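Rule-based calculations on the coordinates, nothing more; no lab input. Note that this is a predicted model, so its numbers are computed, not measured. Here the Cβ positions follow ideal geometry from the backbone for every residue, glycine too, while neighbour counts run over all protein chains shown.
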Amino acid sequence: MGTFGSAPRARPATTERHPKMAAPNPVSPADWWRQATVYQIYPRSFADANGDGVGDLPGITSRVGYLAELGVDAVWLSPFYPSALADGGYDVDDYRDVDPRLGTLDDFDAMVAALHGAGIKLIVDIVPNHSSNRHEWFQAALAAPKGSPERDRYVFRDGLGEDGELPPADWVSMFGGPAWTAVGDGQWYLHLFAPEQPDFNWRSEEVRADFLKTLRFWSDRGVDGFRVDVAHALAKDLPADLPSQAELEAMDKATGLHPLWDRDEVHDIYAGWRRVFNEYDPPRIAVAEAWVNPPARRARYASAEGLGQAFNFDLLEADFDAGAFRSIITDNLEQAAASGSSTTWVFSNHDVVRHATRYGLPPNGDEPRKYNRAWLLSRGTEPELDAARGLRRARAATLLMLALPGCAYLYQGEELGLGEVAAIPDEARQDPTFFRSPGVDVGRDGCRVPLPWTVEGPSFGFGAGPAHLPQPDWFGKLSVEAEAGDEGSTLSLYREALALRRELQTDETLEWVRYPSESVLHFRRANGWEAVANFGAETLPLPEGRVLLASGPFDAGELPGETTVWLRR
Ligand code: NOJ
């Protein structure tokens, strides 16, 4: 396969790669999520069955065989609800329907049946912090007067100035630009994200009841769980005298008392959700997207009385560095043990620069790794990307992650070694961050480019016509077709790793093994499964043991730089 080169030089024969192992620990059906491998599908960019350029649910159904062969335990489906796509579907018009461009409820049922038939669970995204401005409740709020029950479902405030012509506060939204928008009668509504995403008022009993209805609606249709968008923002407490943006930023978010973020009473909402989840057998699961600090605050979202699991984005934000990885792993295992949940791991998703690219770029001062803003703004020219190195490190990091205790979240296309697409023409861009923060942020389109399935074709097999975001020429050589039969490809590595992971999965513990170099991490799982990862550039000795799998080429007895090897003593 293209970038990575040929198959490993010294690769053990198949029989040795699958040595006789003790039977995996039995996992109770209710605990399926604890150490699962979950594959995120961004539906508009996965597979397009009807050739309109936009991925759809029948497209996913047609690729269930691929997912089964890849070896994932579950799919997390990003929003597929009716939406004007002001924010890639995270602006929901109707929580209990399917966007007609993506299919119908019948298509949804067919997809669930196909996934379940292949033994794959389904987690759907739920977006409770805000609806879209086209949601019938928001339309009703606009039509109703100030102080009406319709407006009480959202966060309305009088504007300042004589006629309310000034915003209630100078708050800046997460996508840039003001967080308050006027509705023309002196009132303004709050949107922490785009103006098309008005925030719900979670003190409203109607809002609370409606989300319980939505959770039951999808659970009854067979979904196994929910990924909860901006889970830490639902509960808000806005004082009569609103603080300024500068004051908001200066407030400590770790107290549980910040007006907007990570308030303690948000957990009352999730306690109610948990009661609904537990009505089902097995109970429905949920994973919180909660960017909270300090990380220990995550435990509340992950508690068994709440959502049950929370994303841990620490590895996604870290440099490719042994010391950083080691402390993140240690801390998160401790936190997970304290919360009773299992820990989660993730390197890539639909919001961040793909990790095969991040790891090929030099660190950019204090800027968080996940953004690489300067590189994106230069359309991928400055600083120079070392794509081969990025992929080598990404493969090593992923193989390390897949040996860790806990639940691993993968993002569509990472199994092909896809990198970020930086050179998207401005007129083709879709992400609101691009339009709302000109010259500051390019946005997230580069990780949302439709997948290449074939080496050639109008959209590399994504659909019969061109894709809704343009794909670069180099996608063909990273397509499923190009990689499927290539032993050294990233796809083959993921397939082997997931098959072995399933077979080797064991207790949620690890033991660090001493290695005489600080650039190497070496750990052992309870059943003797070991991973050794060399973060440095130099080749070092490989510890004793039978090699099960390696993230790159190696010679017997050697552990090359930026390579992870799985071993069994
Ligand atoms: C987090 C989602 O992952 C992101 O894509 C979205 O823009 C925001 N939440 C707002 O819903």
Query raised in the report: Once a ≥ b ≥ c are taken as the square roots of the eigenvalues of the Cα gyration tensor of the stretch 189-289, is the result rounded (a/c under 1.5), prolate (a/b larger than b/c) or oblate (a/b not larger than b/c)?
Result: prolate
**Report entry** Full-stretch length increase - VAL513, THR454 - with 0.36 nm per residue and alpha-carbon distance subtracted
**Finding:** 17.0 nm
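What is the stretch 509-568 by shape, rounded, prolate or oblate, if you read a ≥ b ≥ c off the alpha carbon gyration tensor as root eigenvalues and call it rounded for a/c under 1.5, prolate for a/b larger than b/c, and oblate otherwise?
Values: a/c = 1.95, a/b = 1.31, b/c = 1.48.
The shape class here is oblate.
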Requested in this report: Would you kindly state how much longer the chain becomes between ALA499 and ALA374 on full extension, computed as 0.36 nm times their sequence separation minus their alpha carbon distance, in nm to one decimal?
Outcome: 41.2 nm
Query raised in the report: About its Cα centre, what dipole magnitude does the chain give when the only charges are +1 on Lys and Arg Cβ and -1 on Asp and Glu Cβ, stated in debye to the nearest 20?
Result: 1820
Report summary line: In order over the stretch 40-45: 3J(HN,Hα) from phi, Karplus 6.51/-1.76/1.60, θ = phi - 60°, whole Hz, x for each Gly or Pro, gives 7, 10, 9, x, 6, 10
Report summary line: Sparse-neighbourhood loop hits (trypsin sites (Lys or Arg not before Pro), the stretch 45-106; DSSP loop; Cβ within 10 Å at most 16 others) -> ARG96
Requested in this report: Determine the distance separating the Cα centre of the stretch 106-143 from the Cα centre of the stretch 157-177; give it in Å without decimals.
Outcome: 31
Query raised in the report: Roughly speaking, what is the centre-to-centre gap between the stretch 238-313 and the stretch 40-69 when only Cα atoms are used, to the nearest Å?
Result: 32
Query - DSSP bridge orientation in the chain - percent antiparallel, rounded to nearest 5 - result: 55
Requested in this report: For the chain, just say rounded, prolate or oblate: build the C-alpha gyration tensor, square-root its eigenvalues into a ≥ b ≥ c, call rounded for a/c under 1.5, and beyond that prolate if a/b exceeds b/c, oblate if not.
Outcome: prolate
Query raised in the report: What is the extension gain from GLU265 to HIS116, computed as 0.36 nm multiplied by their sequence separation minus the C-alpha to C-alpha distance, in nm to one decimal?
Result: 50.1 nm
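Return the tail of the calculated pair distribution for the stretch 136-190, meaning the percent of Cα-Cα pairs more than 14 Å apart.
More than 14 Å apart: 50 percent of the Cα pairs in the stretch 136-190.
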Requested in this report: Place the peptides 551-557, 187-193 in order of packing, highest mean first, counting for every residue the other Cβ atoms within 10 Å and averaging per peptide.
Outcome: 187-193, 551-557
Query raised in the report: What number of lysine-lysine pairs in the chain show an alpha-carbon separation below 30 angstrom, given a sequence spacing of 8 or more or placement on distinct chains?
Result: 10
Query - Placed amide H near VAL75: partners under 5 Å, 5+ positions off or other chain - result: TYR39, LYS121, LEU122, ILE123
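Using the Cα centre as the reference, give the magnitude of the dipole from point charges on the C-beta atoms of the stretch 136-190 (Lys, Arg: +1; Asp, Glu: -1; all else neutral), rounded to the nearest 20 debye.
That gives the stretch 136-190 a dipole magnitude of about 200 debye.
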